[in-house]
Every structure is written in structure tokens, then in C-alpha cells.
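Visitor: I have a structure here, written as C-alpha cells, and I will follow up with some questions on it.
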There are 4 protein chains.
Amino acid sequence: MTDRRLRLGMVGGGAGSFIGGVHRMAARLDDQYELVAGALSSDPERARHSAAALHIEPDRAYADYETMAASEAGRSDRIDVVSVVTPNDSHAAICHAFLSRGIPVICDKPLCTSMQDARSLAELLGRTGLPFVLTHNYTGYPLVREARARVLAGELGTIRVVQVEYPQEWLAEALEQTGQKQAAWRTDPARSGPGGSVGDIGTHAHQLAGFVTGLRLESVAADLSSFVPGRRLDDDARMLLRYEGGARGMLWCSQVAPGCENGLRLRVFGDKGGLEWLQAEPNVLHFSPLGQPTRRLTRGMPGLSEAAANATRIPAGHPEGYLEAFAQIYTDAAALLRSWLAGTPSGDAGALLPGIEDGLRNVAFIDAVIASHKADAAWTRLEI
Amino acid sequence: MTDRRLRLGMVGGGAGSFIGGVHRMAARLDDQYELVAGALSSDPERARHSAAALHIEPDRAYADYETMAASEAGRSDRIDVVSVVTPNDSHAAICHAFLSRGIPVICDKPLCTSMQDARSLAELLGRTGLPFVLTHNYTGYPLVREARARVLAGELGTIRVVQVEYPQEWLAEALEQTGQKQAAWRTDPARSGPGGSVGDIGTHAHQLAGFVTGLRLESVAADLSSFVPGRRLDDDARMLLRYEGGARGMLWCSQVAPGCENGLRLRVFGDKGGLEWLQAEPNVLHFSPLGQPTRRLTRGMPGLSEAAANATRIPAGHPEGYLEAFAQIYTDAAALLRSWLAGTPSGDAGALLPGIEDGLRNVAFIDAVIASHKADAAWTRLEI
Amino acid sequence: MTDRRLRLGMVGGGAGSFIGGVHRMAARLDDQYELVAGALSSDPERARHSAAALHIEPDRAYADYETMAASEAGRSDRIDVVSVVTPNDSHAAICHAFLSRGIPVICDKPLCTSMQDARSLAELLGRTGLPFVLTHNYTGYPLVREARARVLAGELGTIRVVQVEYPQEWLAEALEQTGQKQAAWRTDPARSGPGGSVGDIGTHAHQLAGFVTGLRLESVAADLSSFVPGRRLDDDARMLLRYEGGARGMLWCSQVAPGCENGLRLRVFGDKGGLEWLQAEPNVLHFSPLGQPTRRLTRGMPGLSEAAANATRIPAGHPEGYLEAFAQIYTDAAALLRSWLAGTPSGDAGALLPGIEDGLRNVAFIDAVIASHKADAAWTRLEI
Amino acid sequence: MTDRRLRLGMVGGGAGSFIGGVHRMAARLDDQYELVAGALSSDPERARHSAAALHIEPDRAYADYETMAASEAGRSDRIDVVSVVTPNDSHAAICHAFLSRGIPVICDKPLCTSMQDARSLAELLGRTGLPFVLTHNYTGYPLVREARARVLAGELGTIRVVQVEYPQEWLAEALEQTGQKQAAWRTDPARSGPGGSVGDIGTHAHQLAGFVTGLRLESVAADLSSFVPGRRLDDDARMLLRYEGGARGMLWCSQVAPGCENGLRLRVFGDKGGLEWLQAEPNVLHFSPLGQPTRRLTRGMPGLSEAAANATRIPAGHPEGYLEAFAQIYTDAAALLRSWLAGTPSGDAGALLPGIEDGLRNVAFIDAVIASHKADAAWTRLEI
């Protein structure tokens, strides 16, 4: 446990970024990383100031990611991993720049904006064997892992129905027209890709359902809306789901639902039981064995799976939240990186980490949803 | 207020019935009715015993509904109204028998099992002007009426998204194969009609959403399942909704969802606010004006609409439930009947009562859902 | 089951009464009673109008309870039982009038306003063996009975701590000065007796805790307040509890707690488990075996005690409420009365019904609380 | 923003400690500190290993706090502040060792185990003006600060009733007899001081109520229990409260309440409104203006006070928890320290931080509670 801290670089995440700060808090919480290099902004002045504020030495405060990748690759104390926290359209090129120089990547979701880019990255990763983590952070919650463990252990029996939803309210008005940075790029097809709410949060919902159930989504029948006048991407998406093996489901994501702050909710029903988890109350998992009273499972309580127990820091009743779940992704990634750096077979390190497969499936998901919508909600298969 | 009690008859509802007893408790609660006649069972012995247990005089304990309708129509103290609480397939004929003899009807939902029958009843009612009430009992909850009042008053703005669901768990196994009476007829196409979960509870969900929003459902894209081996009707249905005027939505009903007892839930989102109501916690309505904290509205509190205030018996904090909501339908029906008996224009009596229009729309809903499912979830219009 | 309906009389409960209407709805719900006689108001005109509205024949609409008791006692079709729903100060005399003429009584709580009167009634009942029921209606909730059954079955082990509270908000301002009838008598020592919130709701809390735990309260250390200027009785009371056998606890009742409508809540903790029940969500009981996840027990679910199952009308997920719990008291009372009328040993009829013992203990409770408060919260024993 | 990180030292918190790890995560989260020195354990070997695991240089891994204080005081790069996270009985001496050498202190609660020690520390602080922070971490929750802001702004009017409780279940059995380290010292009078549950969690409850209401507790009437056989300190405490100015209240703390993990809950009622906050759902504050619906205030939503907005990192709907609240104390302490280091008047830095005054009041609280209990729950004043 007296291993040195891993050296972390970051692309994106300068002043005004939301997710960059989240990645940094996540990286710090369990003390596995130190941030030593960055290309934090495409604006050189902002990049410099942001780096200074983050205690990055001036010579590792880069003006652009290409320079950073090239320069870091040549250092003896080069970064162990880079976090990519830019808008979606730039992920593919940035990941490629670092991976092609042998530097592992932690990339924000969704992976990228086209299947072609996704497949290209998958090919590169397959060839190099480099560690690659996609921050589907909700899988870092201990009770999400508990849910997965219970499904895999057969406690729900055969899965019949999956209900997943992710409603938000923050884009109920045309926030993008006020200059708000987060709203601006997320509603811009050029930077966000072809999916609006589908790409931003629908992908989380799709990935979470797959993570917990172990099921692969086969096809979708989708109906998209852009309710806010002038909006160019969907801000509400409703769809029917068919999973391989016969399970069925529904997915709803929305950015125009007043009263819903960040309402990711997953319910899974099998022939032996059901479960329910809400991101807003992440320390609780409701588990209902058929014919018995619902159990209120809580983070840190006795009797949970090893997967859940390993992802918790403090005792039951002391709420952990979004940042701790995000930190879990980073901490698991650290184990994966250390194993890779040591040249040892990774064993279980990273077994629960989302990666390129999740990325491929989610880009295919976005494409299928949009194709289905254009075909008047016709059933459309995900093509990986 | 010293009006006599209305004379109530009942068809169906003998020993072993669930909904018959509910109708009788509902009729008793506010003391507007006395049960004086019945054809309570198709089994004559059971009909007689059931009548005696309910203090019905022997000469008004009928062996069948035809005899009852004919006999009652000829009495000077004839029943003021008859409640029809038989399985779905018999509703149309029974309603016709009484209505054609000038006796008003309170009918359990769904109205009947074919559009032809539905239209025939509508024609008869249009011609005779007789009072007719369909017991979509969830509309009797005061906070459902509050929700409707707020939507109509514009507090949600233009409705964008409707999310309605009605999951149950009671048919997660093949209960119908154990001889359980409720399960047996509800899973039998001959008695239940073409819809399983769709007809039994999907219709409630559809009607409730329409009642609260005032919107008409235009078309559905539906995917149905019969998860339990051997089951002949759907036990889980998932569908996308398109409303006239541009609102969109989703509806889920299920009888195979462990952990869900009777989970009717409605959420409505407009451009100015959202609301949420759960039947399991019927004394609360969550109202979220855009950009403001969610308000917890409770039955009986000051500041609610007249529609909500009129549908409550006891102070806030003293929970009312399912039977009180059902009683409200009966009590509103009593006002309608008294107005009709008095020959006075009904005014507002019965303005909130579900009736033949709801019945027509729900039979069309069932037909459209099944047609859509057969067409691989193609968008299908409701044809009234 | 074809027994005739029991003939019910009522004293109090005319126009403007809250609890009178509740008693009548409770008596009607399960169809065990018909209201045939009443002395509904001390105002003769109001008594007459109220009786007519309730379909009571004019010759049984009495001007005062003395006349009613005397007259009914002489009839061959005399009432089987009388409900006493007047302000507290008159309970003793009215109960005495009917009991002394051999007529059973259902009396609203608290029993009366002095231990002398309480003991006198107890003596009369002991001598006559007449049925007597005190409407501590919260014991009619099925999950309260489930809680009791679990404690008695030892599922909580030895009880250590009892936490019971009953906060309301309705008297946070001087409502009694506005002419509101309910507020007026409840804040008037002459009609309410020496306890304000203590007598009105503290007695419910005390009785409920005793009903569920089976423990007798030994002594109290109490601190009372009259927060609203000009109020003559306590409107908030806080106290420490010591039970016989070593359990300890706390009781809080308040009528000045904004946000609390009728917040009766009971929590019981033993060395093997704990439970929690809230009147505002009466269809749920939280049961926490030590070291295991909390179970959400719901009314009507499989696996509950016979006591709970017998006190429910409709399936799980169809909420029952305050009126159904109140009705359960009436329905259990009907079983007790029928058994008594038949001259058969009552067996279990009425085993769960609150009666004179509860009344005695509650009057002693009020006296002890007030004595403790006057003695600066000194521990004070209940003297029965 | 480019200030250097503050240099942090720590006394206690080696392997096996719970709270030491919490302090370190709290210090890391907002990147204001780096841990550079420590006397982490009284066992030298454990101290050395723990320091190495935490990346502390060997020459600053001290064997005891005296050596550490003396050595650090003499360094030019000496620590800016020391965190004291040892059992309660050693706080006073350790704080004294550092403060007397001019080194500011962040001390875990409760301050110490006797009023004499508390006053001595207060005197030293008064004389030196050194920064001193007591980690009453629950005051770091943004909605606790919102609650305080609303009370101070008069939105609740005059406070009448305070209800605060802190039940846990973890000591329902004799865990201290199994060798569990946390249980062992917390139930040992020599290390924990005279209060068991009172000292460990009752102090949090007392402090929280004072923080939110701004009221000073005047006297208590307390009843303590040691329910678990062999336990030497109280494991359940119940008490009545009298605040200066006329507010009244109750406080319950327990370590033997099955089903309660860490159930800190505060309710405050004034003549204009009420509020409720639960630590288990820390992102929500329920606010009930008298006569209006309860508002669900959430962390990060628009319209909250500056105090709440400043204590939040990520958007509404992304739950923050215990560690974030604890981090807020550290981050506020950093502002206080930087201001002090700069020699500038501190202004508002640290205005919300708990300090020596809270420590004094809590030691007096423990003493008064125990004295009251010994006097059979007699009202006992807090003597500062």
C-alpha cells in the first residue's frame, strides 16, 4: 500500500467545466493519483491559469493535447494515465493521440460520436492491450454493484422486465441561448453528436441497465422530441426495449421534466423477485423477493456482496454520494493501472470497470435510437 | 339533506367476488344508498344466500339479471340505479337490459369487450339520456382531482410528457391454474376480452392520464408480453403514446412485477411545471413549479381546489384511501341521480364522473394496443 | 352472517361535530349497524334537524340523553348500543345513564375528566358485565395489530425503548378565538378536562404504545407548555417515560408544530429488533430484525398475523385509512355485542378492543402528567 | 486561487482508526491540504507503517505527539495546522502541546472530558488568538446551513419546540467484548469520558440544534440507561430541554436502536413555520411555512441562501454526503487559516465553523446530563 501515487494528466476540464472538477475530486478522494500535467483548455490563457490553480508545473501545462501527448510520451516521469473530459466530438482524436503513444486513458462518456471512430479505438485497444476506462460513474455506486451481484446470483430469477429512466429538468427552457456553457455544447450537434438527451443521459441509463442485468440490448423502438423551440437535438426520448434472451423493457430520458433534478432510476423484475434503485437516494436498494416483504438494503450493512462492500468507505448511515461513486471508478482504475504497470496479469483488477465494450454498445445505441425514430419508431437493432 | 336514500340494485358481486364488496362499501360510506335488490350470482343458491347476508328481501333476490330488470322495472318502489359488477364480457348485455327499461346504471370498468357493443350502448344512452357511470374509481381521489384542476388552470403550462404506469405482482406465477377466481376470469379471453393486463389495469392508467390532463390519446405503439407460461392474455404491456395536440408519453402496466402491489403512478410534465401522484400514497400530490421547490400538497389542506375539497370527508393527516375514493364516485353519482330523478337540469352534478365517453375511449384503446402489438409496435390510432 | 343489523343510538354528533360523523361512517362501513336513535345536540332544533338528515324517526330523535336513555330502555326494539361522542366533561354522566339502564356503550376517548368518575364507571361495569368500548381508533389499524402481534411473539426481544409522538399544527394560532367549535371546546378546561394536547392526543399516544408493547407505564417526568398567548391548556407536552419491567421512553404531543398534520408515530426497540409505524402511512410497518435489513410490511400481504389479516378489507396496495381503522373498532364491537346478546361466553370477541382499563389508565396518565409538570418534571407514578 | 496547499499534520488516525481516514478524505477532497507529518499511533511500528502508506516522509513520522509538536515548531516548513483524531481523553493535552507552540488545531469532537480542561484550552486560545476548529461535521452539510439561515432570517418566527435525536444500532449487543476497537474505547470511561452515547453522539445532536436555531441550551432533565449487560457507560439517553428565551425541546440519543444506522434528525418548530432535516437524506430539507404546503428544498437548487450555495460542489440531484460535509469543515478551516497566516483580519472566514465555544458548551452539556440523571432527572443547568 506504500505504492507511489499515479501520475495523472487531463485534457479539458479548465475553468467553467463541470465534469473536469468532478474527475479531479474523484481522483483525489482515495489518494491514488496526483495531477501533474494538463491541456486544460483550448484557450491558451485559460489553460495556463487553470493549470496554475491546480498546482501543475508550468512546463507540463500544455496548450493542446497533441503537444501534451507527444511531450509526455518522451518523459521518464511521464503520466501514467490521461483523463479526457472534453466535449464528445473530440474524444476519439484525443484518445487516439495518447493511446497511440502508449499512454492509458480514462475517458468521459459517451465514447465518441460515430461507430467508425468507436471501432477504430476498439481496434487500437485490442492491438495494444492498453488500459482504457469509460467513466460510466453510476456503476461505481456500491448498491448498483449489489444489484448486479444479486441478479448474477439468480436472486431475481429470469429477468422479464427492465424499467430505466433518467429525467432531468435543467433544459426545460432554452438555457443554451443564454450562453450557459454546459447547455451550449450539449445541445449542439457538432459537439455533442447526433444524440441530445439520448447521448448525454440516455447512454447512462442504457449502460446501467446492462451493467446490472448482464443483458444485451437487441433492439429499440424509439420516439424522440425536441420540445423546446429552437432546440436542434432531442430533449426527451421514449423507447421500448428488447433484450437478447427475451427480456423486455422501457427507457425514458428527458431534460425537460420539472421536479426531476437527476432522476436516474432502475427497476428490474424477474420471475423470482424485483429490485429498485434511485440515484437520488443511492445508499438504499429495494429488493423484493416474490411473495415476501421488500427489504431495504443499505450501503455498508452486513450481508452485502463483496462487490458492494469493496466500494464503500465509511459505515452504514453515513451517506456516500455521487463523488464517492465516481471516485470508485478512479480507484478501480488505479488497481488496473498498477497491475498493468507491474506487467502482471490483471486478475480481477478492473473487472467491474466500464470500458471500450460499453463505449461501442452506447454509440450503437445512439445510432439505433435515432434510426428508429426516423423510421417512425420501427424496431431497430443495435449494430456493433 | 333529508332526501331518502336511493334504492340500489346489484348484478354480480356474490360470495367470492372482490369488486362487489368494494361497490357495496363505497355505496354505504356516505349513506346515500340502500341495497334492496340483486342478482348476485349465476349460481341460484349462492345468489340466495348472498342476498340474505346482505339483508335483501327474498322477493328481490333474483336468479338472473333479465328477471331482475323486468321485475324491478314494474315496481313502484323500483331501484333507482343498478350496479353491474360482473366479468367484462357480460357488461354490455346487462347494461342494455336495465337501460332499455329506463333504469340508470353504474358499471364496473372496462365498459365491455368490443367497440360494437360500446357504440351500441353509447347510442342507447344518447337516445334515452339516462344516467350512466363507469367506476374508474381512481378519479374519485381528491388529489387526482386537484391534479386535474391544476392542469386545467394552466399551472403546468403546455403539457409535454405524460408518464403513467400500473404495475402489480399478483400474477407473477400461474395463479389462474390454482382455481383462484379473480385470476381465472381475468386471464380468460372469453370473460376478460382481448386485453389481459391492458384491459384490467392499462385501461385505468389510460383513463387516469386523460382525466388529469384533459388530453385525448391519438395513437399508441405497443409491445405486449405473456411472461407466465401458459397464460393466454398479456401480463405485461409497454407502449409509447402520442396525444392530440403534441404531448407524448409512455404507459406501462404489468401483473408480473415483484414488489409492486398496486403501483398506479402518474407523472405529468409541462413547460411550467410537473406533478406526481402515486395511488399507494394517495393523500399526497407532489407539485413542482419550474425552478421552484417541489410542494407536498396533502388532502384536506387549505388552498386546494373546490374539486379536491369536495371529495374529502375528514381532516388532513387522517388518511383516506381506496374505499373513500370509490365512495366518491357513488356519492357523485347520487347527486347526478337525484338531479335526474327531480327532472331538473343536472347542472354540475356528475361533471367529474367517468361515463360512456371514457368507456368508448378505453375499448378503442384496448383494440389499438392489440392491433399495434400485432403490427410489431407500429403506431396505431384509437378509433372511437 | 344473516344476523340483523345492530340498532345504534348516538349522543352528540349533530351538525358541526367532527367525530360524530366519523363514528357514523365507521359504523356503516361494514354494515353491522343501523342508526335508529339519537340525542344529537343540546340545541333542540339542531337535534331535530340532524336526526332527520340521518333518517332517524322523529319519535327517536331525543332532546337530551336522559330522556333518550329512559325511553329507549323501555322499548322492545331498543338500541343495542349507544355511541357517546360529546365533549369529554359529559362522558361520565352519559355513560352512567345508559349503562345503569343496561344499555352497552361505545364511548369516545378520553373516558372522562377525573379518576373519581373513571373509577365509578369501572365499578358499574364490573358489577353489570355490560360491553363497553372506548374508541382508541388507532388500534384498529391492521399494521398496529401486526406490530402488537410481533412484539408479543417475541420478535423484538425484550423491549428497551419506546418512542411515541403525536404532533399536529392546527392550533399553532389562537383558533379558539375565532369561534371554531372544535378548537373552542378542546382548549376549554371546563369541557376538555385538565389536559389540553395531553388529553386530546397524548392519551392516544400513551394508549397506542401500551397496546403494541403490552407494557404498563409506571411513571412520567413531564414538561408542558401553552405556547399560544391566552391559551388555558397545554398545547405542547414533552415527557420521559418509565415502564414497568424496565423499558424506557419518551412521548411528545403537540398542537403547534407546523408541517405536522396528524403525525402519530410509534417506534419500539428491543434487544432483537425494532419497528416503526406512522399513522400518515398506515399501510406500512417497518420491521428491523437486529443485524438484518429493514422489512417493509404492508397491509394485506402474505405472512402477516391473523390479527392483522382479520382487520383488512381489500387487497394489498389498495390503501385503507383512518375510517377503515375506526370501522374496525365498530366491527369488533359488533362481534362483542352479538356474543353478549346471545348470552354466550364472549370467547375472543373483543379481545383487541380498548375498554374501561384503557380509560382508567389514560385518566391516570393525564393526572400524573399534570402533577409531574407542576412538580418541575419530577417523576410521578400513575395511580389507577 | 494559486495559493500553495496547506501543510497538515495529524495525531492519531493510524491503521484501525475510523475517523482518521475520514479527516484525511475530507482534507483531500477540495485540494486545500497536503498531509506532511504525523504521530499516527501510540504503537511506534504502526505509526511508521501508517505514515509510509500515507506518503509522509520518514523524518516527519513521529513516535509521539510531544516530539511532533516540538519538532514541527522548529521547522521553517512546519505544519500549518494539526488534526487531532485520538480518543477523547487525550484531546486536551495534545491540543495544548500544539497550541502552546503556536500551531493551530483542528480537533475531533467532543473537545475533552472535563470542564477544567475545556476552560484551560479556552483560556489559551483567548490569549493566543490561534485558529481552532472542532469538527462538528454535520454543520458542514449545505442544508443544515440553509436551515440555520432560514431560522436566522425569521422564516420560522419565534422558535417554540426543538426535537433532535440521534439513534444508532451498532452497540445493541456487547460489541466492546469482541475486541472491536471503536466499540472498546467508546464504552470505556477512561478513554471516552463520563458520557457514552451522550458524549459520542448526544453532543452532535446538542450542537446541531444550537447551530441551526442559534439558541443556547439552559437546562436539561435527563434519564440515562445502560441497556447492554456489563456496559459501563450510557447507551441510550433521553432528556427534556429548556432553552434560553423560552423554547423547549427533547433530545434522544441511542446506540441500541435496531433499524437506526446513524439517524441524526432535527426538527424545529416556530410560530411561523417548521423544518425537518435527516442526516440519512442530507440533500433534502423540508420547510413548512404555517398554513402552506411543505417545500422540499434540495442542495444546489436555485433560491437557497449563500451559506448553503457556498457549501456545495456539484449540481442538484447529484448527491453529496457525509464526506463532502466533513470536507466543508476542512475547506472553511483552510480559508480561516489562510486569513490568519496572511495576518489579515479574518472577516467572514470561518464564521460558520464550530470552535472552542461549541466545545465548552458540549462538555458542560455532558456534565449537566449526567448530574441530572444522578438527581433523578431533576432540571440541571449547563455551567460553562
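The values are calculated or read from the model by the stated rules, or taken from the named source; none is laboratory data. Fair warning: this is a prediction, and the values are worked out from it, not measured in the lab. Note: ideal-geometry Cβ built from the backbone for every residue, glycine included; neighbour counts use all protein chains shown.
Visitor: Just checking, which of C:Gly214, C:Gly263 is within 20 Å of the chain's Cα centre (by Cα), surrounded by fewer than 23 Cβ atoms within 10 Å (Cβ to Cβ) and closer than 30 Å to B:Arg296 by Cβ? So that I can check it myself, show each step before the final result.
Guide: Details: C:Gly214 fails: closer than 30 Å to B:Arg296 by Cβ.
Within the list C:Gly214, C:Gly263, the selection yields C:Gly263.
Visitor: Of the residues that sit in region B:57-67 and are within 14 Å of another protein chain (Cβ to nearest Cβ) and more than 27 Å from the chain's Cα centre (by Cα), which one is farthest from B:Tyr33 (Cα to Cα)?
Guide: Looking at residues that are within 14 Å of another protein chain (Cβ to nearest Cβ) and more than 27 Å from the chain's Cα centre (by Cα), I get B:Pro58.
Visitor: Count, please, the residues in region D:133-165 that happen to be of a type in the set (S, T, N, Q) and farther than 20 Å from D:His204 by Cβ.
Guide: The qualifying residues number 1.
Visitor: I would also like to ask the following. Residue under question is C:Arg119, and the condition is that it be touching a residue at least 60 places away in the same chain (Cβ under 8 Å), surrounded by fewer than 17 Cβ atoms within 10 Å (Cβ to Cβ) and not in a loop (DSSP other than H, G, I, E, B); does it hold?
Guide: Taking the combined requirement at face value, the residue satisfies it.
Visitor: Residues in region A:165-174: is at least one part of a helix (DSSP H, G or I) and either among the polar types (S, T, N, Q) or modelled with pLDDT of 95 or more (or both)?
Guide: no
Visitor: Could you please find all residues in region B:57-76 being part of a loop (DSSP other than H, G, I, E, B) and free of Cβ contacts under 8 Å to residues at least 12 places away in the same chain?
Guide: B:Gly74, B:Arg75, B:Ser76
Visitor: Moving to a separate point now. Filter region D:345-371 for residues that are within 21 Å of D:Val82 (Cα to Cα) and of a type in the set (S, T, N, Q) and give the result.
Guide: The one that is within 21 Å of D:Val82 (Cα to Cα) and of a type in the set (S, T, N, Q): D:Ser346.
Visitor: May I pose another question? With (1) in contact with a Lys or Arg (Cβ under 9 Å, 6 or more places away or on another chain); (2) within 30 Å of B:Leu6 (Cα to Cα) as the list, and B:Leu382 as the residue in question, which single condition is left unmet?
Guide: Looking at each condition in turn, B:Leu382 falls short on (2).
Visitor: In addition: Quick check on A:Ala351: is it in a loop (DSSP other than H, G, I, E, B) and surrounded by fewer than 22 Cβ atoms within 10 Å (Cβ to Cβ)?
Guide: Yes.
Visitor: So in region B:313-336, with the set limited to residues that are closer than 13 Å to B:Leu143 by Cβ and more than 7 Å from chain C (Cβ to nearest Cβ), which one is surrounded by the most Cβ atoms within 10 Å (Cβ to Cβ)?
Guide: Here the residue is B:Gln328.
Visitor: Which numbered condition in (1) modelled with pLDDT of 95 or more; (2) under 25 Å from C:Asp188 (Cβ atoms); (3) over 18 Å from the mean Cα position of the chain (by Cα) is the only one that C:Asp43 fails?
Guide: Just one mismatch for C:Asp43, condition (1).
Visitor: I'd like the full set of residues that are within 12 Å of chain D (Cβ to nearest Cβ), more than 18 Å from A:Lys181 (Cα to Cα) and outside any helix (DSSP H, G or I), limited to region A:17-56.
Guide: A:Asp30, A:Asp31, A:Gln32, A:Tyr33, A:Glu34, A:Leu35, A:Leu54, A:His55, A:Ile56
Visitor: To continue, here is another question. Could you say which residue among C:Gly270, C:Gly214, C:Gly274, C:Gly291 is more than 28 Å from D:Ala378 (Cβ to Cβ) and free of Cβ contacts under 8 Å to residues at least 12 places away in the same chain?
Guide: None of the other options fit; the residue is C:Gly291.
Visitor: Look through region C:295-312, keep the residues that are more than 8 Å from chain B (Cβ to nearest Cβ) and of a type in the set (S, T, N, Q), and return whichever of them is surrounded by the fewest Cβ atoms within 10 Å (Cβ to Cβ).
Guide: Taking the candidates together, the pick is C:Asn310.
Visitor: Any idea which of A:Ile370, A:Ile356, A:Ile329, A:Ile314 is closer than 24 Å to A:Arg148 by Cβ and either in the same structural domain as A:Ser192 (by TED's automatic domain parsing) or without any contact (Cβ under 8 Å) to a residue 24 or more places away in the chain (or both)? Please lay out each step first, then the result.
Guide: Values: A:Ile370 fails: closer than 24 Å to A:Arg148 by Cβ; A:Ile356 fails: either in the same structural domain as A:Ser192 (by TED's automatic domain parsing) or without any contact (Cβ under 8 Å) to a residue 24 or more places away in the chain (or both); A:Ile329 fails: either in the same structural domain as A:Ser192 (by TED's automatic domain parsing) or without any contact (Cβ under 8 Å) to a residue 24 or more places away in the chain (or both).
On inspection, the qualifying residue turns out to be A:Ile314.
Visitor: Whether any residue in region A:189-209 is among the polar types (S, T, N, Q), assigned to a helix (DSSP H, G or I) and over 25 Å from A:Ala15 (Cα atoms) is what I want to check.
Guide: The answer is yes, given that some residue of region A:189-209 is among the polar types (S, T, N, Q), assigned to a helix (DSSP H, G or I) and over 25 Å from A:Ala15 (Cα atoms).
Visitor: Shifting gears a bit: Sort out which residues of region A:116-175 are farther than 18 Å from A:Ala335 by Cβ, β-branched (Val, Ile, Thr) and in contact with a strand residue (DSSP E or B) (Cβ under 9 Å, 6 or more places away or on another chain), and write them in order of number.
Guide: A:Val144, A:Val151, A:Thr158, A:Ile159, A:Val161, A:Val162, A:Val164
Visitor: Scan region A:354-384 for residues that are on the phi < 0 side of the Ramachandran plot, crowded, with 17+ Cβ neighbours inside 10 Å and part of a loop (DSSP other than H, G, I, E, B) and jot them down.
Guide: Residues satisfying the conditions are A:Pro354, A:Gly355, A:Ala378, A:Trp379, A:Leu382.
Visitor: May I ask you to say which residue of D:Arg338, D:Arg295 is outside the structural domain of D:Cys112 (by TED's automatic domain parsing) and part of a helix (DSSP H, G or I)?
Guide: Working: D:Arg295 fails: part of a helix (DSSP H, G or I).
Every option except D:Arg338 fails the conditions.
Visitor: Right, here's the next one. I'd like the residue in region B:135-167 that is touching an Asp or Glu at 6+ places or on another chain (Cβ under 7 Å) and in the same structural domain as B:Gly259 (by TED's automatic domain parsing) and, out of all such residues, is surrounded by the most Cβ atoms within 10 Å (Cβ to Cβ).
Guide: Among them, the one singled out is B:Arg160.
Visitor: Further, regarding this structure: Among what's in region D:212-262 and is in a strand (DSSP E or B) and either out of contact with any strand residue (DSSP E or B) (no Cβ under 7 Å at 6 or more places or on another chain) or within 14 Å of chain A (Cβ to nearest Cβ) (or both), pick the residue that is farthest from C:Ala247 (Cα to Cα).
Guide: My answer is D:Cys253.
Visitor: In region C:339-348, is there at least one residue being under 30 Å from C:Asp223 (Cα atoms) and either hydrophobic (A, V, I, L, M, F, W, C) or modelled with pLDDT of 95 or more (or both)?
Guide: No, that holds for no residue.
Visitor: Tell me, which residue of region A:281-294 that is more than 10 Å from chain B (Cβ to nearest Cβ) and not hydrophobic (A, V, I, L, M, F, W, C) is nearest to C:Asn283 (Cα to Cα)?
Guide: Looking at the filtered set, the residue picked out is A:Glu281.
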